[in-house]
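Heads up, the thing below is written out as structure tokens.
The values are calculated or read from the model by the stated rules, or taken from the named source; none is laboratory data. Predicted, not measured: the structure shown is a model, and the values here were computed from it. Every residue, glycine as well, gets a Cβ built from its backbone with ideal geometry; the counts of neighbours run over all protein chains shown.
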Amino acid sequence: MSLDVDVDHRRGDFRLKARFTAAPGLTALFGRSGSGKTSLVSIVGGLIRPDRGRVAVDGQALVDTERGVFVPAHRRRIGYVFQDSRLFPHLSVRRNLLYGRWFARGGGGASVDLGGVVDLLGIGHLLERDPDSLSGGEKQRVAIGRALLAKPRLVLMDEPLASLDEARRAEILPYIERLRDEAGIPILYVSHSVAEVARLATTVVIMTEGTVTAVGPVQDILPLADATDGGAVLDAKVSRHDETFHLSVLESAAGELQVPGLDAPVGAPVRVYIRSRDVMLSLQRPEHISALNVLSGKIVSITPATHAQADIRLDCNGAVLMARLTAKSVDRLALAPGRAVYAVVKSVSFERS
Amino acid sequence: MTAEEWTAVRLSLLIATTATLFSLPVGIAIAWLLARGQFWGKSVLDTLVHLPLILPPVVTGYLLLLSFGRRGPIGSFLADEFGIVFSFRWTGAALACAIMGFPLMVRAIRLSIEAVDQRLEAAAGTLGAHPLWVFATITLPLCLPGIIAGAILGFAKSMGEFGATITFVSNIPGETQTLPSLIYTLTQVPGGDAAAMRLTLVSIAISMLALLGSELLAKRIGARRQTA
């Protein structure tokens, strides 16, 4: 599957001029509120007709203003999960799930059945319920299932977790991960949360004021994403659990990491997001220090963030790590690209993103 | 009650039911156009629909007589081509009632369509449903209480319609003499007070039954929605 977008759309004072190609897996559209993310997915989904441009899935044009092509939303076979779940209030959960089935005949798209989707999302006990009686998290899971059962070629998720609290988000994230890894349907995911993007994205498209400013793999792009709260994404595996101290030990390219106990089996892939302001640098391997994680690496670049601060990009055995230091520290340690350093990360600063 | 009175009651029910059933599909279509449509002349259509509410009923009846009468342009065409005659027939009374009740019906349905969340309709579209199918499976069920309310309003208005009916199709016993027409006739003759009072009570009873029926229906729909 490939999704090519190149559109130019004006609404009032706001101009959306975006161009990107989404690779398989989960592509995150990341940016602040008002950067045009939702307008862009609405254009892909067929809810907004762009002034000019082209949208194509697998080479088939859905919108091509030059050739006068506009495929209406109901013929696009693109699943859409909205921020507000938009379940039909007069239909049961089961009938909501099956709503798209009648229109999904014919080839192409994901091969899914009710049983498979119900298992994937853990909603079997809700089938006979009324949408109004579901919690926010349950509603979103049903909405995701409903989109999948319409056999989409591509699923759009517009901030599906934004209206939920922290606990409900944690409840849904694993299901979206399973969807990305097991169902094999490409996902275009809108978010302004670094944590969500770090955890879910394969590819990141960064949007700023209506334009795409960067596209690429999450490990490369996310460190550049947010100047005020930057960080780095590390892919890791659970290697063991330390029951005595309620810690989990992760194996990553950068080295071993000890993090607060995770609810994941040994061997499970996890992603950790390390904020740059949680990373200290030392020229020698520090000893007698409370922090449990010390990773060795090399400085790649030093970018001034503000007049008093700088972002240090490290290469830790191939993995990227970001550290935010004061300009004074950079000067005192005489940090420069190429220099070998030790990055120190407190275990308590890890959050399961 | 006398045979004449029973005939008037039966005729009124027949006319009101016919008027409601025939105007309902048109009413839903016009209400949808006014609620969701964006087209040139929408305010003109809106005004036309509401006209019978503002005009004196006699004027509406007279306009009907001019256009749908035997010599009227529409009336002569329908009579010659299809054999459909409205003037001085109960069908004409039904037409007059349908037109007089139409603004009330459309208003109720339009409000309920406007209350249906368009974001739900958009969601149904992304699931592959054609706009007509979206209307049938999402919009229509969600605005059903409004449609029932509109139908009842139209029916009640038809049961009470007097001015336009008597102007258009006169007051012929057994053909166009509805309940209100008969009550009017009875009040014009000496000794008709008792009969007029009887029919007034019948009229009140029918109106209340219609209202009660709509309440029950709305409740059942609500209950079905809970268990569905």
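Please state which of the following conditions A:Arg77 fails to meet, knowing it meets all the rest: (1) surrounded by 21 or more Cβ atoms within 10 Å (Cβ to Cβ); (2) within 14 Å of chain B (Cβ to nearest Cβ); (3) within 30 Å of B:Ala115 (Cβ to Cβ).
Condition not satisfied by A:Arg77: (3).
Name the residue, out of A:Asp315, A:Asp311, that is buried (at least 17 other Cβ atoms within 10 Å of the Cβ), charged (D, E, K, R) and closer than 18 Å to A:Leu222 by Cα.
Of the residues listed, the single one that is buried (at least 17 other Cβ atoms within 10 Å of the Cβ), charged (D, E, K, R) and closer than 18 Å to A:Leu222 by Cα is A:Asp311.
Given the range A:130-213, what strands (runs of 3 or more DSSP E) lie entirely inside it while holding 1 or more residues that are farther than 24 Å from A:Ala104 by Cα, at pLDDT 85 or above and of a type in the set (S, T, N, Q)?
Qualifying strands (runs of 3 or more DSSP E): A:187-191, A:203-208.
Is it the case that some residue within the range A:51-73 is in contact (Cβ under 8 Å) with a residue 12 or more places away in the chain, at positive phi, out of contact with any Ser or Thr (no Cβ under 7 Å at 6 or more places or on another chain) and surrounded by 23 or more Cβ atoms within 10 Å (Cβ to Cβ)?
Among the residues of the range A:51-73, not one is in contact (Cβ under 8 Å) with a residue 12 or more places away in the chain, at positive phi, out of contact with any Ser or Thr (no Cβ under 7 Å at 6 or more places or on another chain) and surrounded by 23 or more Cβ atoms within 10 Å (Cβ to Cβ), which makes the answer no.
Give the number of residues within the range B:140-187 that are touching a helix residue (DSSP H, G or I) at 6+ places or on another chain (Cβ under 7 Å) and at positive phi.
Summing the residues that are touching a helix residue (DSSP H, G or I) at 6+ places or on another chain (Cβ under 7 Å) and at positive phi in the range B:140-187 gives 1.
If you go through the range B:199-207 one residue at a time, do you hit one that is buried (at least 18 other Cβ atoms within 10 Å of the Cβ), in contact (Cβ under 8 Å) with a residue 24 or more places away in the chain and polar (S, T, N, Q)?
no
Determine whether the range A:89-102 contains at least one residue that is out of contact with any Cys (no Cβ under 9 Å at 6 or more places or on another chain), within 14 Å of chain B (Cβ to nearest Cβ), farther than 30 Å from B:Ile221 by Cα and among the β-branched types (Val, Ile, Thr).
No, that holds for no residue.
Looking at A:Leu127, A:Leu114, which is the one that is over 27 Å from A:His192 (Cβ atoms), at pLDDT 90 or above, surrounded by fewer than 19 Cβ atoms within 10 Å (Cβ to Cβ) and not charged (D, E, K, R)?
A:Leu127 is the lone residue from the list that is over 27 Å from A:His192 (Cβ atoms), at pLDDT 90 or above, surrounded by fewer than 19 Cβ atoms within 10 Å (Cβ to Cβ) and not charged (D, E, K, R).
Which helices (runs of 4 or more DSSP H) sit wholly inside the range B:119-228 and have at least 1 residues that are out of contact with any strand residue (DSSP E or B) (no Cβ under 6 Å at 6 or more places or on another chain) and farther than 27 Å from B:Ile109 by Cα?
Because the criterion is at least 1 residues that are out of contact with any strand residue (DSSP E or B) (no Cβ under 6 Å at 6 or more places or on another chain) and farther than 27 Å from B:Ile109 by Cα, the helices (runs of 4 or more DSSP H) in the range B:119-228 that meet it are B:163-169, B:179-188, B:193-227.
How many of the residues in the range A:40-74 are more than 14 Å from every other protein chain (Cβ to nearest Cβ) and farther than 16 Å from A:Leu154 by Cβ?
Residues flagged as more than 14 Å from every other protein chain (Cβ to nearest Cβ) and farther than 16 Å from A:Leu154 by Cβ within the range A:40-74 amount to 10.
Filtering the range A:318-338 down to residues that are surrounded by 16 or more Cβ atoms within 10 Å (Cβ to Cβ) and not small (Gly, Ala, Ser), which residue is farthest from A:His307 (Cα to Cα)?
Top of the filtered list is A:Val320.
Report, by residue number, each residue of the range B:123-153 that is in contact with a Lys or Arg (Cβ under 9 Å, 6 or more places away or on another chain), polar (S, T, N, Q) and more than 7 Å from every other protein chain (Cβ to nearest Cβ).
Scanning the range B:123-153 gives a single hit, B:Thr139.
I'd like to verify a number: residues in the range A:89-111 that are modelled with pLDDT of 90 or more and either out of contact with any helix residue (DSSP H, G or I) (no Cβ under 9 Å at 6 or more places or on another chain) or in a helix (DSSP H, G or I) (or both), how many?
Looking only at that region, the number is 7.
Quick one: in the range A:61-74, of everything that is in contact with a helix residue (DSSP H, G or I) (Cβ under 9 Å, 6 or more places away or on another chain) and either aliphatic (A, V, I, L, M) or in a helix (DSSP H, G or I) (or both), which residue is farthest from A:Gly115 (Cα to Cα)?
Filtering first and then ranking leaves A:Val63.
This table checks each residue for (1) closer than 30 Å to A:Asp84 by Cβ; (2) at pLDDT below 90.
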site	(1), (2)
B:Ser87	no, yes
B:Gly92	no, no
B:Met105	no, no
B:Ala115	yes, no
B:Arg119	yes, no
